[in-house]
Structure formats: C-alpha cells, structure tokens
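Working notes, beginning with the structure itself.
The values are calculated or read from the model by the stated rules, or taken from the named source; none is laboratory data. Model, not experiment: these values are computed from the prediction. Reconstructed Cβ throughout: ideal geometry from the backbone, glycine too, with neighbour counts over all protein chains shown.
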Amino acid sequence: MTQQVDRVSTSKPLWARYSWIGWVIVVGIAVAFPFVVDRPRFWLPNIGVRSLWLGIIAMSLVFLNRYVGLLSLAQATIAGISAYGVGYAMVTMGLGFFVAVATGIVAGTVAGFLVALIAARTKAIYFLMITLALGQVFYSYASQAIEVTNARRGLAPIKKPDLGFVNLNDITTFYFFVLALAVLCYLLCRYVAATSFGLALQGIRDSPERMAALGYRVNRYRIGAITFAAFIASIGGVVLVLDRAQVDPDVVSLGSTLDILVVAVIGGIGSLGGVFLGALVLTFLDNFAQDFTDRYQSLTGVVFIIVLLFAPAGIAGIGKQVKRVIDRRRKELSFFSVGDPQQEPPAAQSAEEAITKGKQQ
Amino acid sequence: MKLRNKKGWVPAVAVGTTLILALSGCSAGTSGGTSGGGKDTIKIGVLATSEGNLAFGMDEAKAAIGVAMQAIGGTIDGGEINGKKIELVYAGTDGTSGTAQTQVKKLVENDGVDIVFGPVSGDEGEAVVQYALTVPEVTFVNGSASPVAMTLQGATNFFRFHGDSAMWMGGLGEYAYKTKGYKKIYSIAEDYSFPYDNAGGFFSGYCAAGGQVTGNSWVPVGTTDYGTIISQIPAGTDAVYVGLGGADAASFLSQAVTAGIKLPLVGGSIAVDTTALSGDANIKAVAVGTITGGPVPGVGYKNPMWQPFVDAYVKQPKAFPSPSIFSILYYNSFESLILGLQQAKGDLSNKQSALRDALGGLSWDSPTGRISMDSNRQAIVDNFLIEVQAAADGSLEQKTVSEATAVKQGTTVYDRFEGCPKS
C-alpha cells in the first residue's frame, strides 16, 4: 500500500503538482469576497456564510462517500441535532456561548455515533435508507417534542456573541470566522484521510472482505468514520444556527437533507473542496432563480439533472473530465499517425468512477 | 486499489469561478436601489408562497394586492400614492422558515425595499419577526401568518392587521357553552403550534364560561386512524372538538361516520374547510351542525363592504371562485398599508415614523368588519362563528350564525395542554 502511495505521488502530472495555486486562488477569492461585493449585508449572509455551512455539512457526506463508500442522508439531521444542542443550551438553559457550542458539537457527534451503531453493518442502498429513515424519525420528534425542541416554533433567539477580541455580530467578522472553520474542517478531513486510519478506510471501501481477512475490524472503522463525519457536520450545524439565529424542524426536514445531497452532487460527490462550489450554485439558485421563473425549485432540479447528465463527477470533476477527453483525442491522433495497433490495457477503474457508478461496499 | 489524494483542481477552479462570475452577472441586474425617506419611490417587498403545499399563496396575494391597488388606479406591479411612486417586488417561498429568511433578507438587503409585506405561513412568520428585530429601519406588515407570539416579541416595526389563530376562535367557546349547551367537550387536535393556539383560544373562552374538558388527544400530523381515539371518548361528553386540518380532518369525519359517532362537533378554524367537507359524500351525518370560528365569513354575512370586495376579487387573474382565507387576510393587510401610506402622505423620513404612527393608529371598516390596532401593533378584529349546514342542493355550506366583534389578542402563547389551558 505504501508503495502505491509513493508511486502515485511521484507520477503526479505537472498540473497536479501545482494544484496548490488553485487553492490559493480559491482562498484569495473567498478572502476578497466581503470587499468586492456591493451589498455586504446581503452577499455575506445569504451567499457567503450560507454556502460555507452548507459546504461544511456536505463535506461530511462527501468524506463518508469518498473514503468509506457510504452515502449517508443523515448528515443534515446530525447538523440539526448540533443546532438544537446549541439552541437548547442557550435558550432553554441560559448557558454561555462556548458551553452551548460544545454542547451542540457533542450532541451532534454522539448522535452520529448512535446512527453508526445502527447503520454501520449495512451498505449501499440499505445504509442510505436507514440514514434517511433515522433523519425522518428525528424530524417527527423535533416537530412535536415541545419540552425539548419547542415543537414547530423552535428555539429562538440564538444570538451571536461579542467576545471582546472578536465580535461575531459584525457580519464581516462572522464571515471570516466561518471561512476559517471551513478551511480547518477541510484540512482536518484531508489529514484524517492521510492517516493510517484513513488509509484503512479506503481499503475497507474497496474491499471490506480483504481488509477483514487482514485483521481489520471493518465495522469499528466504519463507526469511527461515521462519528468523525458527524463531528464535521456538527460544526456545520453550529454555524447554521448562529447564522439563522433560530432552530426549528425545518433544519432537519427532508428538504434540508436533499439540499445537502444536491450540494454534494453538484459540487462533486467525490470532492471534499468541490462541495463549496456546489453550495455556491445552490445559494445562487435559491436567491436568484426567481428572476427567471416563478417555479424556482424546478430550475434547481433542472440544474441538478444537467449536472448529473453532463458532469456526473460534479463541478470539481469537470477538470478531469476535460483532461480525459483531451487525452483520448491525443491517443486517437497518435494511433492514426503512428499506426501502432498495440493498445494499452484498460486502466483500472478509479475509486471516483467506482463511487459515481455505484460501486459501494 | 487506488488511494485518493489529489484531484484535477486547476481546471475545476477555473470552471467554478467562471460559473460564479456568470451567475453574479445575472444577479447584478436584479439589484434594486435603496429608496430612503427622501426619495420619490416607495419600494414594497411582497413575501408569499409560490412552491410547496401553499404554492397558490402567491396567486392569492397578487389577487388581493390587485384589488387594493386597482382601487387607487395602480396594478400589482405598482402605482402612486400622494405623488410617491409605489413599486412592488415579489419574492416566492416554499412556506418554510429557511426560505423565508433567505428571501426576506434578499428583499431588504439586495432589493432595498422600504417595507416588507408578508409572509403566508406561521413557520415563516416566526422567522420573519426574528429578522424584523434586526432591521428596525424597515417596516413589516404581516400577510396571513397567525402565530400568537409574533406580535409579542417586541418588534416595534412589525404590524399585523388580522387576528391570530387564538383570536380566530374568539367568542366560540362561550357560544358552544351557552347557546349550544355543550357542558363537557373532548378534544382531538394535531400536535403542533397552530392547533395549540387555535384550541387554546377556544378552550380558554369555553372553560371561562363554565365548560369542562373530558380529555385531550394530541395526534401527529398525518394520522389516518382515529378509531382508537373515538372509542376513548368518555360517556357523558356533549361534543367533540376537532382541531385537525386538511386530509386529517377528512379522515376523522369519514371514520366518525363509520364509528357511528352521535356527538356534535366543534371544529378548529381549518377543520371544516372545502378539503374536509368535499372528502367523503357520507360525512354529512356528522358534519352538519358542526360549529367553528375564523376570520372568513360564511353564507348570509351582511356587510356592505363584503360583496364589492368579492366582485373585485373574482376578476383578478388566477383568482379562486370565492376568496380564500389567504386572499382575505392579505387584502385587509395590504389595504391597511395603503391607508397608512396615504395618511403619512408617503413620507418615510425620520425612520418611517409618520408611516408607523399612521399604521399604529389605523381604524377602518374592512370587508370583514372594523379593524383597529392595540398597543402591540396587533389588530382588534371581528370574528365569525360558522355552522355547517346542508344547502338546498344537498351540498354542505358554511353559514355565519354569529359574530364576535372587537376581538382582542390575549397575552398567552399556548403550548400543548391537558384539560383547560393555563392562561
């Protein structure tokens, strides 16, 4: 396995070796964003902050799909549980900001662990259905548990604090706070994926039977991964509740679950960073689709279908898609010019292709 | 096995950035200018449902606004008041709090509206009030959202020109006890905030009049089996309160027929609407005689303002055959806003104080009775007590049997309760 990692790293194409330039551009655009938009009070909360928390939650879904091969529809619910944790601590118990945030993250992560205990033994469509069902169970609970969630009225107001050295009520400060969290979450996901734990997860994704034969406890690894993804989703839930200043059953509804799935698919179901592009597309559609049609949700659906048809790996996968087309053209040209009938053996199916084509274990 | 560690990022970033810039280009054309008090244009942002269960809300809102604007020579897109140009901007929602938050922020921060008008649903209303607290420079006039708590949040820039869902039952409790003689009532209601307020409004009046509650069943929305609950109704109960809506109410009425229930019914404000009454031809046996309360008058309502409103409403594009609860509440609210703007002579200077003073002191005769305002910027309104009757053609109709005038808002936000509600 180590040999393979080495081989991959040394055989990187030129553009891949300089991909950090792309990241500098992305982060540069994100940092400059508050200073170039004409109405920061609209653009920062409605587009910037919302895209970031949607992206963080969707990143947790992508982490599970990319490294474990599990498509979870419980991530919005876990983020919602974290949001309810913050709301309950702040509104019902009157606790301070840091305690409330810790409560939310612990609540969401524990909820993820419990989901994992139930769902980790299943795979593919069964895992998807169980996570969806658990999400709907919590939605029903949140809609009616008046003592805990205040039923449909929800918990409000949840105020952002002025910490003295930093005032999160200032929208620009809050935006940078959330941007920093998003970057940290991304780096954490990449770090975990590169650890021996992450490598084992990738092995389990590709062949759980082989990994079990090697002595790995597959279900424990899956539970660990689902719990870690829940931790990431919980951070997204904390940002969500601070942005919305309230939490109600809407945040754990089927619509919210589908929003996360749409973000992940449009951005790239196999791309940790691509989710933020997907989130940007969704927030733009939410805000501006009505300028083109009254049935704005239908337009979102059309965009979703177009992405699935023409860019199944999402926006983040367009680059690879274009590269594949160019490579194919080059091969065809060289075939006709050289006339060498010898063909290369077909390349092994990439994990991304395996995922997008449904090879879940 | 292939381990994942790198992606084709450079082309992806290029494509993504291009997409964002393209979308930004699209959006820039939609940005409205801010129109402060000294300007000649007053921009009103209308929030209504155009997707989801209440997708017809936008059409109903436009029909109601059309009636009010045409009366002053305008259209649903705008007009003129005291020399000031009125411009209307519409934002559709799906009835959820999240979408309402997104769209109301867009109206205020991107489109630069001076006044927000709406929303439709209670979930949206709670979210919009929270937002109103953060933008005191903008005036908010509610559309049809009816949670009690909305005008009790201390938002001095928020006005509601119709009753809340507890007020909709105003006078019905006393009517049930004294006129109908129902001494003991069993309650079946859906388990969420609207039925809490609605049932709370009824039972607070009923218990104050001397009535007793023999039991409460709070059922989840979407319950289809009411046989078990019906069998639990204690002997000696005089009537059953049905705080259900839509398909749930239709299911209950149908099963009440099957179970041979003989007790008269008291309906919540949405229990005996068209959906429920047209659900099953056999429900006449239990539906006839059902009393309910609400802001919509039934057959036999005498008010000289009513028929002209109905006539003007049915001429609007996409209007229903008769006004729905949404168009009535949106009309009364928008007409109130127009009257307020006229009284303030379109002056939005000094933090819109002239407009807010005018709105807060408004008193006028609407198609559904006199509307005046209390100190919480909540309307004091007339309420209608309705009884379901069999029409001459055999169909079921709702007849106005009584009116409760000048119903005021209480200060109780109701939660789920057992027996009589705590006030």
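The table that follows gives values for the structure above.
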read-out: Tally of residues being hydroxyl-bearing (Ser, Thr, Tyr) and either at pLDDT below 95 or within 12 Å of residue A:232 (Cβ to Cβ) (or both) across the stretch A:48-91; value: 4
read-out: Set A:22, A:48: member being of a type outside the set (Val, Ile, Thr), under 23 Å from residue A:289 (Cβ atoms) and touching a helix residue (DSSP H, G or I) at 6+ places or on another chain (Cβ under 6 Å); value: A:48
read-out: The stretch A:142-175, residues that are away from chain B (no Cβ under 13 Å), hydrophobic (A, V, I, L, M, F, W, C) and in contact with a Phe, Trp or Tyr (Cβ under 6 Å, 6 or more places away or on another chain); value: A:168
read-out: Any hit, the stretch B:154-172, residues being within 14 Å of another protein chain (Cβ to nearest Cβ) and touching a strand residue (DSSP E or B) at 6+ places or on another chain (Cβ under 8 Å); value: yes
read-out: Inter-residue pairs, beta-carbon under 6 Å, first in the same structural domain as residue B:243 (by TED's automatic domain parsing) and in the stretch B:193-211, second surrounded by fewer than 24 Cβ atoms within 10 Å (Cβ to Cβ) and small (Gly, Ala, Ser), 6+ apart; value: B:193/A:151; B:204/B:423
read-out: Residue match in the stretch A:178-191 (condition: free of Cβ contacts under 8 Å to residues at least 40 places away in the same chain, surrounded by 16 or more Cβ atoms within 10 Å (Cβ to Cβ) and not charged (D, E, K, R)); value: no
read-out: Subset of the stretch B:178-188 [surrounded by 21 or more Cβ atoms within 10 Å (Cβ to Cβ) and in a loop (DSSP other than H, G, I, E, B)]; value: B:182
read-out: Residue selected from the stretch B:103-129 under the condition out of contact with any strand residue (DSSP E or B) (no Cβ under 8 Å at 6 or more places or on another chain) and in contact (Cβ under 8 Å) with a residue 12 or more places away in the chain, by the criterion surrounded by the fewest Cβ atoms within 10 Å (Cβ to Cβ); value: B:105
read-out: Matching option when the condition is buried (at least 24 other Cβ atoms within 10 Å of the Cβ) and touching an Asp or Glu at 6+ places or on another chain (Cβ under 9 Å), among A:111, A:83, A:76, A:116; value: A:76
read-out: Where residue B:296 falls short, out of the listed (1) at pLDDT 95 or above; (2) among the hydrophobic types (A, V, I, L, M, F, W, C); (3) in contact with a helix residue (DSSP H, G or I) (Cβ under 8 Å, 6 or more places away or on another chain); value: (1)
read-out: Filter result (buried (at least 24 other Cβ atoms within 10 Å of the Cβ), under 13 Å from residue B:57 (Cα atoms) and either without any contact (Cβ under 8 Å) to a residue 12 or more places away in the chain or at the interface with another protein chain (Cβ under 8 Å from one of its Cβ atoms) (or both)) within the stretch B:78-102; value: B:91, B:92
read-out: Test result for residue A:294, in a loop (DSSP other than H, G, I, E, B) and surrounded by fewer than 19 Cβ atoms within 10 Å (Cβ to Cβ); value: yes
read-out: Test result for residue B:155, in a helix (DSSP H, G or I) and aliphatic (A, V, I, L, M); value: no
read-out: Neighbours by Cβ (under 7 Å, 6+ apart or cross-chain): first from the stretch A:20-33, under 21 Å from residue A:47 (Cβ atoms) and modelled with pLDDT of 90 or more; second surrounded by 12 or more Cβ atoms within 10 Å (Cβ to Cβ) and among the hydrophobic types (A, V, I, L, M, F, W, C); value: A:30/A:179
read-out: Lone unmet requirement of (1) touching a residue at least 40 places away in the same chain (Cβ under 8 Å); (2) away from chain A (no Cβ under 14 Å); (3) small (Gly, Ala, Ser) for residue B:149; value: (2)
read-out: Scan of the stretch B:158-177 for residues that are surrounded by fewer than 24 Cβ atoms within 10 Å (Cβ to Cβ) and assigned to a loop (DSSP other than H, G, I, E, B), ordered by number; value: B:171
read-out: Qualifying residue in the stretch B:265-272 (condition: in contact (Cβ under 8 Å) with a residue 12 or more places away in the chain and surrounded by fewer than 20 Cβ atoms within 10 Å (Cβ to Cβ)); value: no
read-out: Yes/no for residue A:216 being in a loop (DSSP other than H, G, I, E, B) and surrounded by fewer than 19 Cβ atoms within 10 Å (Cβ to Cβ); value: yes
read-out: Test for residue B:413: is it in contact with a Gly (Cβ under 9 Å, 6 or more places away or on another chain), outside the structural domain of residue B:132 (by TED's automatic domain parsing), β-branched (Val, Ile, Thr) and in a loop (DSSP other than H, G, I, E, B); value: yes
read-out: Some residue of the stretch B:168-177 being modelled with pLDDT of 95 or more, touching a Lys or Arg at 6+ places or on another chain (Cβ under 8 Å), hydroxyl-bearing (Ser, Thr, Tyr) and over 15 Å from residue B:46 (Cα atoms); value: yes
read-out: Subset tally (residues that are surrounded by 18 or more Cβ atoms within 10 Å (Cβ to Cβ) and closer than 23 Å to residue B:405 by Cα) for the stretch B:352-363; value: 3
read-out: Qualifying residue in the stretch B:332-339 (condition: of a type in the set (D, E, K, R), more than 20 Å from residue B:151 (Cβ to Cβ) and touching a helix residue (DSSP H, G or I) at 6+ places or on another chain (Cβ under 9 Å)); value: no
read-out: Looking only at the stretch A:19-39, and only at residues there that are part of a helix (DSSP H, G or I) and facing chain B (nearest Cβ under 9 Å), the one that is surrounded by the fewest Cβ atoms within 10 Å (Cβ to Cβ); value: A:20
read-out: Only one of A:301, A:270, A:255 that is within 12 Å of chain B (Cβ to nearest Cβ) and either under 13 Å from the mean Cα position of the chain (by Cα) or at pLDDT below 85 (or both); value: A:270
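Rundown of residues vs (1) surrounded by fewer than 13 Cβ atoms within 10 Å (Cβ to Cβ); (2) within 24 Å of residue B:119 (Cβ to Cβ), yes/no style:
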position	(1), (2)
B:303	no, no
B:332	no, yes
B:336	no, yes
B:341	no, yes
B:350	yes, no
B:365	yes, no
B:368	no, yes
